[in-house]
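Enquirer: Handing you this structure, nothing more for now.
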Amino acid sequence: MTLHIDYYASLNSPWTHLGAARIEALAAQHGATLRIWPVDFGTIFAGSGGLPLPKRSPQRQAYRLQELARWREHRGIPIQIRPKHFPANELPGACAVIAARESLGDAPAIRLAHRILKALWEEEQDPGAPETLARLVTEAGLDPATLLPLSQEPRWAAMRECDTAAALARGVFGAPSYVIGEDIFWGQDRLEFVEKRLARG
């Protein structure tokens, strides 16, 4: 039986970026299907007792920066700890990813989401800017002349709202979350447990 991973991602999250390549590799290694859900974690935080970064205590904000530096070294991923364009306007990219997912399939949607994350966290680009997003779509191997007008249709933002409500109802509260059946794994630092779950079948 083929395993399936529902991958709840924030296109503003450094933790999502740090786990991006590895969740793709694990899915491929174990023959699992992988579907991305670029949901609204602002809504999820409000509904699950979490706080957006600016509202967290100074201690928690300072510790986050230390952890990012540690994980940057551990994973060997050259992220910017304080990127110039964070937080970017996430909605245009999220709608483009959803439009790609629904019209082209899971793999192109994941490829685009991961390209957006890399642009923000490694390359000091602003994926919320229309011209940047168009270039990132191209670099992800997709056609911006087709995908971007499609992504501006209101149905994708509405679908994101529904996906967000479904994520909350399922028990998702943080990004990234990887869900296999009833098992929720929150955070790229839980990918070891994702791997064990996939190996178990």
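Enquirer: Those residues that are open to solvent by 50 Å² or more (accessible area, probe 1.4 Å) and not hydrophobic (A, V, I, L, M, F, W, C), I need them from segment 78-87; list them, please. Break it down stepwise before answering.
Expert: Step one: list which residues in segment 78-87 are open to solvent by 50 Å² or more (accessible area, probe 1.4 Å), which gives 78, 80, 82, 84-87.
Hits for segment 78-87 are Pro78, Gln80, Arg82, Lys84, His85, Pro87.
Matching residues to (1) farther than 20 Å from Asn12 by Cβ; (2) surrounded by fewer than 23 Cβ atoms within 10 Å (Cβ to Cβ); (3) in contact (Cβ under 8 Å) with a residue 60 or more places away in the chain; (4) of a type in the set (S, T, N, Q):
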position	(1), (2), (3), (4)
Asn89	no, yes, no, yes
Leu112	no, no, no, no
Gln125	no, yes, no, yes
Asp143	yes, yes, no, no
Leu150	yes, yes, no, no
Asp163	no, yes, yes, no
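Enquirer: Still on this model: Of the residues that make up segment 93-106, is at least one surrounded by 13 or more Cβ atoms within 10 Å (Cβ to Cβ), in contact with a Phe, Trp or Tyr (Cβ under 7 Å, 6 or more places away or on another chain) and not β-branched (Val, Ile, Thr)?
Expert: Going residue by residue through segment 93-106, those that are surrounded by 13 or more Cβ atoms within 10 Å (Cβ to Cβ) are 93-104, 106.
Cutting the leftovers down to in contact with a Phe, Trp or Tyr (Cβ under 7 Å, 6 or more places away or on another chain) gives us 95, 98-99.
Cutting the leftovers down to not β-branched (Val, Ile, Thr) gives us 95, 99.
The answer is yes, given that some residue of segment 93-106 is surrounded by 13 or more Cβ atoms within 10 Å (Cβ to Cβ), in contact with a Phe, Trp or Tyr (Cβ under 7 Å, 6 or more places away or on another chain) and not β-branched (Val, Ile, Thr).
Enquirer: Is it the case, given these coordinates, that Ile23 is surrounded by 13 or more Cβ atoms within 10 Å (Cβ to Cβ) and more than 19 Å from Arg111 (Cβ to Cβ)? Can you show your working first?
Expert: Working: surrounded by 13 or more Cβ atoms within 10 Å (Cβ to Cβ): yes; more than 19 Å from Arg111 (Cβ to Cβ): no.
For Ile23, the condition - surrounded by 13 or more Cβ atoms within 10 Å (Cβ to Cβ) and more than 19 Å from Arg111 (Cβ to Cβ) - is not met.
Enquirer: Suppose we filter segment 152-161 for residues that are open to solvent by less than 20 Å² (accessible area, probe 1.4 Å) and free of Cβ contacts under 8 Å to residues at least 60 places away in the same chain; how many remain? Steps first, answer last, please.
Expert: Taking segment 152-161 first, the residues open to solvent by less than 20 Å² (accessible area, probe 1.4 Å) are 156.
Filter again for free of Cβ contacts under 8 Å to residues at least 60 places away in the same chain, leaving none.
So the answer is 0.
Enquirer: With respect to Trp121, is the statement that it is in contact (Cβ under 8 Å) with a residue 60 or more places away in the chain, in contact with a Pro (Cβ under 6 Å, 6 or more places away or on another chain) and open to solvent by less than 50 Å² (accessible area, probe 1.4 Å) true?
Expert: Values: in contact (Cβ under 8 Å) with a residue 60 or more places away in the chain: yes; in contact with a Pro (Cβ under 6 Å, 6 or more places away or on another chain): yes; open to solvent by less than 50 Å² (accessible area, probe 1.4 Å): yes.
It is true that Trp121 is in contact (Cβ under 8 Å) with a residue 60 or more places away in the chain, in contact with a Pro (Cβ under 6 Å, 6 or more places away or on another chain) and open to solvent by less than 50 Å² (accessible area, probe 1.4 Å).
Enquirer: Report whether or not Phe173 is closer than 22 Å to Glu90 by Cα, buried (at least 17 other Cβ atoms within 10 Å of the Cβ) and either at pLDDT 95 or above or aliphatic (A, V, I, L, M) (or both).
Expert: Working: closer than 22 Å to Glu90 by Cα: yes; buried (at least 17 other Cβ atoms within 10 Å of the Cβ): yes; either at pLDDT 95 or above or aliphatic (A, V, I, L, M) (or both): yes.
Criteria met by Phe173.
Enquirer: Can you find a residue that is assigned to a loop (DSSP other than H, G, I, E, B), open to solvent by less than 60 Å² (accessible area, probe 1.4 Å) and not hydroxyl-bearing (Ser, Thr, Tyr) anywhere in segment 181-199? Spell out the reasoning first.
Expert: Step one: list which residues in segment 181-199 are assigned to a loop (DSSP other than H, G, I, E, B), which gives 181-182, 187.
From what is left, the residues that are open to solvent by less than 60 Å² (accessible area, probe 1.4 Å) are 181, 187.
Add one more test, that the residue is not hydroxyl-bearing (Ser, Thr, Tyr), and what stays is 181, 187.
So far as segment 181-199 goes, yes, one or more of its residues are assigned to a loop (DSSP other than H, G, I, E, B), open to solvent by less than 60 Å² (accessible area, probe 1.4 Å) and not hydroxyl-bearing (Ser, Thr, Tyr).
Enquirer: While we're here: Does Ala134 satisfy the criteria of being within 28 Å of Ala28 (Cβ to Cβ) and either out of contact with any Gly (no Cβ under 9 Å at 6 or more places or on another chain) or free of Cβ contacts under 8 Å to residues at least 40 places away in the same chain (or both)? Even if it seems obvious, please write down each step before you answer.
Expert: Working: within 28 Å of Ala28 (Cβ to Cβ): no; either out of contact with any Gly (no Cβ under 9 Å at 6 or more places or on another chain) or free of Cβ contacts under 8 Å to residues at least 40 places away in the same chain (or both): yes.
In short, no.
Enquirer: Within segment 33-45, does at least one residue satisfy the condition of being touching a helix residue (DSSP H, G or I) at 6+ places or on another chain (Cβ under 6 Å) and either modelled with pLDDT under 95 or farther than 22 Å from Arg190 by Cα (or both)? If you could, list the steps in order and put the result at the bottom.
Expert: Our first condition is that a residue be touching a helix residue (DSSP H, G or I) at 6+ places or on another chain (Cβ under 6 Å); within segment 33-45, this holds for 34-40, 43-44.
This time we only want the ones that are either modelled with pLDDT under 95 or farther than 22 Å from Arg190 by Cα (or both), so: 43.
Yes, there is a match, as at least one residue in segment 33-45 is touching a helix residue (DSSP H, G or I) at 6+ places or on another chain (Cβ under 6 Å) and either modelled with pLDDT under 95 or farther than 22 Å from Arg190 by Cα (or both).
Enquirer: State all residues of segment 1-20 that are outside any loop (DSSP other than H, G, I, E, B) and surrounded by 16 or more Cβ atoms within 10 Å (Cβ to Cβ); if no residue qualifies, say none. Let's see the steps before the verdict.
Expert: Looking only at segment 1-20, we keep the residues that are outside any loop (DSSP other than H, G, I, E, B), and these are 4-8, 14-20.
If the condition is that a residue be outside any loop (DSSP other than H, G, I, E, B) and surrounded by 16 or more Cβ atoms within 10 Å (Cβ to Cβ), then Ile5, Asp6, Tyr7, Tyr8, Pro14, Trp15, Thr16, His17, Leu18, Gly19, Ala20 are the ones that fit.
Enquirer: Let me ask you something else. Do you know which residues across segment 21-58 are farther than 15 Å from Ala94 by Cβ, part of a helix (DSSP H, G or I) and small (Gly, Ala, Ser)?
Expert: Within segment 21-58, Ala21, Ala25, Ala27, Ala28, Ala46, Gly47, Ser48 meet the criteria.
Enquirer: If I ask for residues that are surrounded by 10 or more Cβ atoms within 10 Å (Cβ to Cβ) and in a loop (DSSP other than H, G, I, E, B), which ones from segment 67-77 would you list?
Expert: Answer for segment 67-77, where residues must be surrounded by 10 or more Cβ atoms within 10 Å (Cβ to Cβ) and in a loop (DSSP other than H, G, I, E, B): just Ile77.
Enquirer: If you don't mind, there's one more thing I want to ask. Does Glu73 satisfy the condition of being among the acidic types (Asp, Glu) and under 28 Å from Glu161 (Cα atoms)?
Expert: For Glu73, the condition - among the acidic types (Asp, Glu) and under 28 Å from Glu161 (Cα atoms) - is not met.
The values are calculated or read from the model by the stated rules, or taken from the named source; none is laboratory data. Just so you know, these numbers come straight off a predicted model, no measurement behind them. Here Cβ is always computed from backbone atoms with ideal geometry, including for glycine, and neighbour counts include all displayed protein chains. When the accessible area is computed, the model is the full protein with side chains, heavy atoms only, and any ligands, DNA or RNA have been set aside. Shrake-Rupley method; radii C 1.70, N 1.55, O 1.52, S 1.80 Å.
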